[in-house]
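The values are calculated or read from the model by the stated rules, or taken from the named source; none is laboratory data. Nothing here was measured: the structure is a model prediction, and the numbers come from that model. Cβ placement follows ideal geometry from the backbone for every residue including glycine, while neighbour counts extend to all protein chains displayed.
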Amino acid sequence: SRTQIAIVGAGPAGLMLSHLLARAGIDSVVIDLRGRREIESTHRAGILEQASVDLLAGTGVSDRVHRDGDRHDGIELAFGGGRHRIDFRRLVGASTRLYPQTDVFVDLADARERDGGDVRFGVGDVSVDDLLSDAPVLRFTDAGGARHEVRADVLVGADGSRGLCRRQVPEAHRAQYSRTYPFAWFGILAEAPPSAPELVYHHSPRGFALISRRTETLQRMYFQCDPGEDVADWSDDRIWDELQSRVGANGHRLVEGPITSRSVLPFRSFVQEPMHHGRLVLAGDAAHTVPPTGAKGLNLALADVRVLAEELERVVAGGDTAPLAAYSERALRRVWKAQHFSYWMTTMLHTLPDATPFDVRRQEGELAAVTGSTAGSAYLAEAYTGWPGER
Ligand code: DHB
């Protein structure tokens, strides 16, 4: 069969792209190895930039984000025994929304279904081929066992950091930039009321902790841990002791409750350039990964496909692939700013395993410089709430 755009990956990037293309009258097919329930039950990030909210609500996906997403006008940075607020509205006139990625996914999957989009979950044996021809091909076996071959004008790899698409670009045609970190996050969900009105990012001598939230009765929290940590070694009591001792160093006390989910999240910075090869383009985590501090991953993926939809319209209208190079250049400008921001937030707030007392005091100095100055905190506020769109 034939479609205009074949999309590998039905996460937020792939589904949002398919939605935007449909609005422009462009057909697409989206496939994913995972089942819909599997994607829905994987806990991911929780913070949307204003531009991401606008993309969801303003393009007709759903206005549920306005009803169910709590507006956050700032965050707190806690260090050196106290808590310090960064006031996004006062500093840069912007805010964020707390709206979990799983809800973003559900809204997008529902909208594609409502609008008659072609989305196939639970497929197998996926391969892509003929990337340098005028009609690249996507092959897969659907959930019923039938084999499919879809020719398209362009293939989009929105299949995440462990997907197959970015590996199709020959080494001679791409550069990879990466950085690893000697720590990870231990993430939990707890049945308890909120412990703070806004998110609190804690620097402490025992390491980083983040107090986030989900609802009035369910809270999301993270603490820095060893990448090899085994969740089986962590009882509820041990988790609460560790969290309380970190936040307690900054005068914060958490409301405890039963822990219903626990997992270790890997940490990595990664970019593959360019974000296109022949008629294959990459979007979201398929092209870049950020460490979670600062919640940029989902927002970057949505920013990618907003630009990509525009450039794909040009490809469809004009026939040549120059707009794919333009997409890569435009997207990478934002990607690298977000790479820096995520790296900076990470290194400012986490304690390296071999940190000296000097290193810890220096970080406290950095945090005091940021929170104590309008210029310093305005940079953080601008980056956290998201930069204006790239031209
Ligand atoms: C959440 C995750 C983040 O990485 C972050 O910086 C803020 C919030 C969250 O899952 O709630």
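Candidates are the residues of the stretch 181-232 that are outside any loop (DSSP other than H, G, I, E, B) and charged (D, E, K, R); the one that is farthest from the chain's Cα centre (by Cα) is Glu191. Checking the condition modelled with pLDDT of 95 or more, away from the ligand (no atom under 16 Å from the Cβ) and touching a Pro at 6+ places or on another chain (Cβ under 9 Å), which residue from Ser342, Ser328 passes? Among Ser342, Ser328, only Ser328 is modelled with pLDDT of 95 or more, away from the ligand (no atom under 16 Å from the Cβ) and touching a Pro at 6+ places or on another chain (Cβ under 9 Å). Just to be sure before I move on: is Asp159 at pLDDT 95 or above, outside the structural domain of Val29 (by TED's automatic domain parsing) and either of a type outside the set (Val, Ile, Thr) or away from the ligand (no atom under 16 Å from the Cβ) (or both) in the structure I sent? No: the conditions fail for Asp159. Taking (1) basic (Lys, Arg); (2) farther than 29 Å from Gly82 by Cα; (3) without any contact (Cβ under 8 Å) to a residue 60 or more places away in the chain in turn, Arg362 satisfies each apart from (2). Among the residues of the stretch 57-97, just one is in a helix (DSSP H, G or I), of a type in the set (Val, Ile, Thr) and crowded, with 20+ Cβ neighbours inside 10 Å, namely Val65.
Note on the stretch 209-265: among residues that are polar (S, T, N, Q) and within 14 Å of the ligand (Cβ to nearest atom), the one that is modelled with the lowest pLDDT is Thr215.
Filtered by the rule that a residue be within 13 Å of the ligand (Cβ to nearest atom) and of a type in the set (Gly, Ala, Ser), the stretch 278-295 gives Gly294, Ala295.
Here's a check for you: in the stretch 43-61, which residue that is touching a residue at least 24 places away in the same chain (Cβ under 8 Å) and over 13 Å from the mean Cα position of the chain (by Cα) is farthest from the ligand (Cβ to nearest atom)? Walk me through how you get there before you give the answer.
Narrowing the stretch 43-61 to residues touching a residue at least 24 places away in the same chain (Cβ under 8 Å): 43-53, 55-56, 59-61.
Subset that is over 13 Å from the mean Cα position of the chain (by Cα): 50-51, 53, 55-56, 59-61.
Working: Gln50: 15, Ala51: 17, Val53: 15, Leu55: 19, Leu56: 17, Thr59: 24, Gly60: 26, Val61: 20 Å.
Taking the candidates together, the pick is Gly60.
Being among the aliphatic types (A, V, I, L, M) and crowded, with 22+ Cβ neighbours inside 10 Å: is that true of Ala286 here? Considered against the rule, which asks whether it is among the aliphatic types (A, V, I, L, M) and crowded, with 22+ Cβ neighbours inside 10 Å, Ala286 comes out as yes. Against the conditions (1) of a type in the set (A, V, I, L, M); (2) surrounded by 15 or more Cβ atoms within 10 Å (Cβ to Cβ); (3) without any contact (Cβ under 8 Å) to a residue 12 or more places away in the chain, Ala172 satisfies every one except (2).
Answer yes or no as to whether Leu33 is closer than 16 Å to Ala111 by Cβ and modelled with pLDDT of 95 or more. So Leu33 does not fit the description; no. Looking at Val119, Val106, just one residue is in contact (Cβ under 8 Å) with a residue 40 or more places away in the chain, in a strand (DSSP E or B) and closer than 24 Å to Ala22 by Cβ, and that residue is Val119. If you go through the stretch 199-247 and keep only what is hydroxyl-bearing (Ser, Thr, Tyr) and out of contact with any helix residue (DSSP H, G or I) (no Cβ under 8 Å at 6 or more places or on another chain), you end up with Ser212, Thr215, Thr217, Tyr222, Ser235, Ser245.
Here is a check on your reading of the model: is Met275 away from the ligand (no atom under 16 Å from the Cβ), closer than 24 Å to Ser342 by Cβ and modelled with pLDDT of 95 or more? Here the answer is yes, as Met275 does meet what is asked.
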